[in-house]
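The next block holds one structure in the form of structure tokens; read it before the comments.
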Amino acid sequence: MIVHLKLSFMKRYSLYIPMLALLAVSCAKVKVPKADLTVTTSSLTYKAGDTVTFQFAGNPDNITFYSGEVGRNYDYRTRTKADNSLQIDFKSFVSFSPIYQNLQLMVSNNFNGTVDAANVSAATWTDISQLATFSAGADNVASGVIDLRPYLGNAETPNVYVAFRYTEPARTTGQNRWVIRSFNADLVTPEGQLTNLAQMATGGWKSVDFKNPAAVWTITSAQLLMYGGAGNVAENEDWVISKPLVVSKSIQPDAGLALKNISKTMSSYQHVYKTPGTYKAVFVSSAIRYNGENSQTQELTFTITP
């Protein structure tokens, strides 16, 4: 009985050995298919808003498309850091004669955020008034766009504060009345993409009085107002300071658009470029198996006209 069972087991085992060997040989012979793809278009110049039709020759398992637009740039697919900048602009109005420049635009990247005279004085502030255009009597005078990149410091995620500093000596005539009508702060990527960080209503403004507490900044969601007062008043100094404007240098890598996977076929794809410029469109084709991967890229450079 024992001999019979042993012979039966050996017989079955001898049948499995060739099957396993055949499976091993067949697996070893599996080759990763090529990822060949040829992409063509009728032109390399289009108008903004036109439909670009990409014709495909080849059937790779996967196709990923980088249009070259912001967020879809093949060259930035592994980029996690960027030299982002900060830019501001505002509109101002000064009145009451004699009119003169007694308002300064200040920035700091080491202010600790505690808005009182001692902590404001302890921070390093840079006067950048020369970069802005201020009112000389006209209303809603645009400052122009002011680039704060030189004032960000070396921190990975700098906090930048913007302040308006009002100073007046004791005068026998009336003191100037200043109004900041609007304010805008934008994060700017190296490609010029803007992300708003603050406006007048969201600037988180706080005031601090250094001299003459009878005249201080009035803060509303619509404006910043310093009404200096009539003649024969004391010397005055008052600041109004924004919330921290955070300029992160960490960013998400650009991503491609997955057009095709192994379960479907695709003979063409259409895309619309809405903004004039030059774009490098990149198609990444690939075939992936358990024992390897084949991939290739094809680039086409387009000129998009207005």
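The values are calculated or read from the model by the stated rules, or taken from the named source; none is laboratory data. As the structure is a computational prediction, the values presented were derived from the model and not from experiment. Every residue, glycine among them, receives a Cβ derived from its backbone with ideal geometry; neighbour counts consider all protein chains shown.
Remarks
- Residues of the stretch 177-193 satisfying the condition of being among the polar types (S, T, N, Q) and over 10 Å from ASN84 (Cβ atoms): SER182, ASN184
- All of SER268, SER263 fail the test of being without any contact (Cβ under 8 Å) to a residue 60 or more places away in the chain, exposed (fewer than 14 other Cβ atoms within 10 Å of the Cβ) and hydroxyl-bearing (Ser, Thr, Tyr), apart from SER263.
- GLY229 being without any contact (Cβ under 8 Å) to a residue 60 or more places away in the chain, in the same structural domain as PHE96 (by TED's automatic domain parsing) and closer than 21 Å to GLN87 by Cβ: no
- Scoring GLN130 on the criteria (1) modelled with pLDDT of 95 or more; (2) surrounded by fewer than 18 Cβ atoms within 10 Å (Cβ to Cβ); (3) in contact with a strand residue (DSSP E or B) (Cβ under 7 Å, 6 or more places away or on another chain) leaves a single failure, condition (3).
- If you check ALA163, ALA155, ALA198 for being at pLDDT below 95 and aliphatic (A, V, I, L, M), only one passes: ALA155.
- Looking across the stretch 122-151, just one residue is touching a Leu at 6+ places or on another chain (Cβ under 7 Å) and assigned to a strand (DSSP E or B), and that is ILE146.
- Residue tally, condition over 26 Å from GLN175 (Cα atoms), touching a strand residue (DSSP E or B) at 6+ places or on another chain (Cβ under 6 Å) and part of a loop (DSSP other than H, G, I, E, B), over the stretch 91-118: 2
- Residue among VAL107, VAL120, VAL94, VAL52 that is more than 28 Å from LEU197 (Cβ to Cβ) and surrounded by 19 or more Cβ atoms within 10 Å (Cβ to Cβ): VAL52
- Restricting attention to the stretch 272-292, the residues that are farther than 24 Å from THR45 by Cα, of a type outside the set (Lys, Arg) and loosely packed, with under 13 Cβ neighbours inside 10 Å total 3.
- Pairs, first of a type in the set (Asp, Glu) in the stretch 232-244, second surrounded by fewer than 19 Cβ atoms within 10 Å (Cβ to Cβ), C-beta under 6 Å, six or more apart: GLU235/PRO169; GLU235/ALA170; GLU235/LYS211; GLU237/THR167; GLU237/PHE210; GLU237/LYS211; ASP238/ASP209; ASP238/VAL216
- Output for the stretch 149-178, where each listed residue is out of contact with any helix residue (DSSP H, G or I) (no Cβ under 9 Å at 6 or more places or on another chain), under 21 Å from GLN130 (Cβ atoms) and of a type in the set (A, V, I, L, M): LEU152, VAL162
- Counted residues, the stretch 119-145 - those being among the small types (Gly, Ala, Ser), free of Cβ contacts under 8 Å to residues at least 24 places away in the same chain and more than 17 Å from VAL240 (Cβ to Cβ): 1
- Considering the stretch 218-230, the residues that are touching a strand residue (DSSP E or B) at 6+ places or on another chain (Cβ under 6 Å) and at pLDDT below 95 include one that is surrounded by the most Cβ atoms within 10 Å (Cβ to Cβ), namely MET226.
- Test: ALA234 is more than 19 Å from ALA132 (Cβ to Cβ) and at pLDDT below 95: yes
- Check on THR265, assigned to a loop (DSSP other than H, G, I, E, B) and polar (S, T, N, Q): yes
- Subset of the stretch 95-125 that is hydrophobic (A, V, I, L, M, F, W, C) and modelled with pLDDT under 95 - its residue that is farthest from the chain's Cα centre (by Cα): PHE96
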